[in-house]
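S.K.: This is the structure I want to talk about, given as structure tokens.
Each reported figure results from applying straightforward, stated rules to the coordinates on display, with no laboratory input. Quick caveat, the model's predicted, so the values are computed rather than measured. FYI the Cβ positions are ideal-geometry reconstructions off the backbone, even for glycines, and counts take in every protein chain you see.
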Amino acid sequence: MDEHQDGNGNRDNSTLIERQIAYSLNRLATVVNELSRLTGTGPAGSIELVRAEIDARTELTSAGIEAAHQLRMWRAHYNWLASELDAASRSFGQAAQQLGRLVDTTLASWEEQFEVVRPSGRTSPAAGPGRPGLLRGLLRRGQAQVPLPRTEGGIAGGSAAGRTGLVTGLRPAPPAVRLPPVGRAHGPPPRPAGAERPGLAGPAADADIAARVLGPLELTVAGVRVPRWSSLKARAVFQYLLLHHDRPVRRDVLMELEWPNHSHSSARNNLNVALCSLRNTLDWRGLDVPAVLHRDGCYLLNPELTWWTDHGEFRTGIRDAQHARQAGRTQQVLSACHSAVQLYRGPLFEDDLDGDWYLPERRNLKDLYLQALEYLAEIYCESGQPALAVEYGQQAINADPCYEAAHRLLMRCFAQQHQQQLVSRQYRLCAAALQDELDVSPTMETVQLFRMLTSAS
């Protein structure tokens, strides 16, 4: 008796599941038909195949499984399409706001040139700064009888009766009406000559896009700082394009970099979504041309824009310092090293905890930073300015406690000041750091320097 009930219960449960699947397929078919109508494509055939196989048997055939797989692919496609439409909608809203401000500015100029004559015949001056004008008020209320100028001198739009009593006796302005200057198509008005963008100076202030990557990423587009990223994948793609700005990057490289375990179609859809978010971040902040271009299956940063990065400036400063040092031009070495050191706020992409492709470059940049600090400490130590030499040497050790060259420079500076106890202390700090972090002892060069400096006392 119990077995029979269990059997009935199982059959009843199986029937319920089949009904739920059939109901879900019906709803899915309805939605897909609507999407097919809107986009001109759709997986309706796959749905019908899956539905027919479920009606005929409890298990899907290979064709049914393939059809179900196609449904999943279409889901990813429609998700991407929805994100594209959402981005387009946001862009449209921003453009509409810009257009609204332009209309308000234009109407304000017109109100300064026209006098509004009321039906009673009394003439009132145009609206002042604290009083909304009649033209602007009519536009904002959205009335059908909004008066518009006509080339023949009449008023277009609405019937004659509807126009009567709204605005009469408009006196045209002089032919040459000077409108207030308007900024870029989607951004703030242009800066006065010589004005700098907030937080930027020099070449960075004049760049269309300025990026600080030494330390936490800081991005400024057309003078507007990007406070946050809506998509971390969009940021990751931008970082790769930025450090490879000298050449186009193939789509497959970006897909493998960020979505290595995804199928090709899934990785490509994800890349499209990330690029959509990236363009939404860059292109609607005052640029006249797109920041990211697509050519022949590759992506690259638009060379028509002016780009500035602390990464490029830092490397230029280090290269200038190396050339000046080889030529024996001490003052140029100091100037170039000071500029480079000020640019280095921390490791490359310091706030990115997920990426790893840039780690070799991060280490290389840190080595160059330590080299610049060593140059400065060495010059100041040899020129009899031990206090400055100690400052830069200590800065290098703070960045890398195992940097023996900086420890040796500090030992020499302390010896110049006849502070033998500090020489010994610095050697012990060097040995302890090497032992704790690398499990090694100081090099023979460091040991010999320590013995020479301490034996001379």
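S.K.: Between Rg and the Kirkwood Rh of the stretch 337-455, both from Cα atoms, what is the Rg to Rh ratio?
M.R.: 1.02
S.K.: Step through the residues of the stretch 439-444 one at a time and calculate ³J(HN,Hα) from phi using the Karplus curve (6.51 cos²θ - 1.76 cosθ + 1.60, θ = phi - 60°), rounding each to whole Hz and writing x for Gly and Pro.
M.R.: Using θ = phi - 60°, the values come out as 6, 9, 9, x, 5, 4 Hz.
S.K.: Just to check, using Stokes-Einstein with a Kirkwood Rh over alpha carbon pairs, what's the diffusion coefficient of the stretch 203-305 at 10 °C and 1.306 mPa s in µm²/s?
M.R.: 112
S.K.: Of the listed peptides 447-455, 330-338, what is their order by residue-averaged count of other C-beta atoms within 10 Å, with the highest listed first?
M.R.: 330-338, 447-455
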